[in-house]
1. Among DSSP bridges having both ends in the protein assembly as shown, what percentage is antiparallel? Round to the nearest 5.
2. Give the lysines reachable from A:K129 as a straight Cα distance under 28 Å; neighbours fewer than 8 places away on the same chain don't count.
3. Please list, in order along region C:21-28, the HN-Hα scalar couplings obtained from phi with the Karplus expression 6.51 cos²θ - 1.76 cosθ + 1.60 (θ = phi - 60°), rounded to whole Hz, x for Gly and Pro.
4. Taking neighbour Cβ counts within 10 Å as the exposure measure, how do A:T223, C:T190, B:T198 sort from fewest upward?
5. Thinking of the protein assembly as shown as a set of Cα atoms, what percent of all their pairs are more than 47 Å apart?
6. Which whole-number value in Å³ per residue fits the convex hull of the alpha carbons of region C:75-179?
7. Write down, largest first, the equivalent ellipsoid semi-axes of region B:2-209 in whole Å, where each equals the square root of 5 times an eigenvalue of the alpha-carbon gyration tensor.
8. If neighbour count is taken as other Cβ atoms inside 10 Å, put B:D11, B:D25 in order from fewest to most.
Amino acid sequence: MVIMDQPQGSLAGAAKAEMRPSPVSAPEPAGETIVRIENLTIRYGDFSAVKNVSLDVYRNQATALIGPSGCGKSTLLRAINRMNDFVPNCQVDGRIVVRGRSIYDPGCDPVDLRRHIGMVFQKPNPFPKSIYRNVSWGAKINGYRGDMDALVEQCLRRAGLWEEVKDKLKQVALNLSGGQQQRLCIARALALQPDVLLMDEPCSALDPIATARIEDLIDQLKTDYTVVLVTHNMQQAARVSDRTAFLYMGELIEVEDTHVLFTHPRHPRTQAYITGRFG
Amino acid sequence: MTLHFVNLLDDLRRRSLRMAALVEDILNEACEALLSGDPALARRVILRDEGVDAEEVEVEKEVIRLLALYQPVGIDLRLLCAILKVNNDLERIADCAINVAERAKHLVEHPVHRTNTELRELCNVVQQILRRSVQAYGGEDLESAQAIRSGDTIVDDLYARIVQNIASEGATGPKSTAAMLDALSVAKNLERIADHATNIAEDVIFLATGQIVRHQQ
Amino acid sequence: MTSAAPSISMLYQPRLARRKACNVVFYVTGAAVCAMTVALLATLIGVVLKDGWTFLTVRFVTSFPSRIEPELAGVKPALFGSLCVVLMTGVISVPLGVGAAVYLSEYAGDSRLNRFIQLNIANLAGVPSIVYGLLGLAVFVRWLHLGSSILAGSLTMSLLVLPVIIISAREAIAAVPQSLRQAAYALGATRWQTVRAHVLPSALPGILTGVILSLSRAVGEAAPLLIVGAAAFMLSMPGSQAGGGAWNKLVAIGTDNFAVLPIQIFNWCKEPDVVFQQLAAAGIVVLLAALLAMNSVAVGIRLWHQRKRTW
């Protein structure tokens, strides 16, 4: 718990200086930046949903975006795989660099980009097809040449769903429970072996037990993937993420290691939000 | 729900502060009993310990209840943690003060020590430290908490001198070994109280900044 | 404050009996209207069946119409013509209509032009069928020199049903949840892959309903074909004079003159002799049967598709 390189004597200095957590409990020193958001502004017509946000997402970490409704966190998330392209009047300024590639450059094809950045939505949205086809379809349309059965099994295992569905792969996915459907959606995204997995409030439509399973899953997925998670549930952000970014009215107020943000937020607005004293 | 929680938190904080005032009072009376040689007062002080013990348990229960039910974060979390730790320190301080009062009953028969200026000063300093700690805690005053932390050396010096005096008195000729041991115990307990009071100041620093400054210079 | 409770409850006058009576009245009215509709249909079918009963034999659908010997008349060419027209109308209008609907709802943005086009399509759906007949006569029969052929008739009918197909297909496509498209796009699918694999299959039942409804309308239409110049009487099958291969035959059928059931029925109705009235009734029964068959095919496809989805 000792921070060795504290300036001696000056306690006021000590209090202000290092906000770094103790080396024991901290996540690995921030690794490679996999998604770099630079001065991003997103407008819908005259309305700025995201204002000049700069944020780095590190490899093999879960980064949570929190904030009140309408703070732009979902818009920010959808900017990372260019799902905002489908929104009319949506104008993006600034840059997002994913693995060294600026994704809003004219040379970047959003269809190809989305293959590398998986997405899980708020409401489980499996295709009204068989469980098998749900997982295999993405790989199929992207020209996967390997053993499809093996891929499907691997992804379902990774999503913790295999044991539950291995005997009914040909059944329609809509017969699964909500939590199972959401895990199927995660498996479906994994089939493309994405670099980053975006999750837009993945548990908001699920019961607490299903939620806990998804949270465990996110924790496991971090070893191989990078997760960016939007959540309304602050406890969830606290539980599953390594870093948390707080957005308010389109602005990034504070981004910090999660446990620091939840014990000692620097910004009064963050403090007010996480302790529920808003407005 | 948040308003409800904020009210509960506020109640708890006030309760903790009341307990701090109580402990401060006990220390003051224990020192009074010691310095004025009033065994009746010493006995009354000793009786007050039970109240502190009961209150400590109640506060701790309430902290645990709020942690379990509201899963606080940020300032709320730090406040609850600080209350819990301060609570523990206050109870320890009360115990030490009771120990001082116990010794005071015996020391009445040995007026020598009443004129012991070092002991008198130690009492004063420790009372002062506790008072300032409790004030810093009540006002969540970061600066005075930091000042208290750096002022701990005075107590250590005084304590060292008292030990030295007792040692040299023992060498020059035995007066009463029991009395000397009592005096030593009083000094030791007072020194402990100063440590706990400093801990309280450190908890105030944690409360204000989220920094754990204990064991740091 | 003790008086508050009763006084507040006094503010509510539930009038439960009255509300329930209203409910019963509506229930009875609704049931009566439904019963009337069913009764009307039953009467219609009953009357038609009674009138046409004597002619409802296999011979009726395998014989040619005849003025001289009405007892031996049949609807063979008219039935064949109707089926040909419906089939060809479907072949022409379904791909065009669904394609236009997919373009409008999936590809074209929400532009002013797009909205203008949609408004016009909605207007076209309301244009009287006889206007389409005049258009068909001018464009297909005269200008394109298709003559009074099945092809010209089918093209005219396609114009007639296209707006309805487009509108209903658009509705069906719009009803496909957005989340499904997003799921596909997020997996790196192109628009076409998304439409082909998810949107169209999900919209298929709705599209089919629209197609069947509009084609049924096409089967029953007489006015436009009358103007295009469908024959009142066909004494031979369309294209029967053509020789050679299947393709020649098909072309001959497409370009030959033709009759359809509604016009055949209309012509019989005009005759004063009671025998022709009975013939008309029998013709109506055949027409209704054809419609019913078409509808059941649609229901069948829908059921099959739903079952397929659960495999």
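The numbers here are math on the coordinates, done by the rules we state, and not lab data. None of these values were measured; they are calculated from a predicted model. No Cβ is skipped: glycine too gets one built from the backbone with ideal geometry, and neighbour counts run over all protein chains shown.
1. Details: 25 of 42 bridges.
Counting DSSP beta bridges with both partners in the protein assembly as shown, the antiparallel share is about 60 percent.
2. Partners found: A:K140, A:K166, A:K168, A:K170, C:K308.
3. 4, 4, 4, 5, 4, 5, 4, 5
4. Values: A:T223 7, C:T190 13, B:T198 22.
Least crowded to most crowded, the residues run A:T223, C:T190, B:T198.
5. On the way: 174744 of 325221 pairs.
Counting every Cα pair in the protein assembly as shown, those more than 47 Å apart make up 54 percent.
6. On the way: hull volume 12.3 nm³, N = 105.
With only Cα atoms used, region C:75-179 gives 117 Å³ per residue.
7. Details: eigenvalues 256, 64, 26 Å².
Working from the Cα gyration tensor, I get semi-axes of 36, 18, 11 Å.
8. Details: B:D11 11, B:D25 14.
By the 10 Å Cβ count, ascending: B:D11, B:D25.
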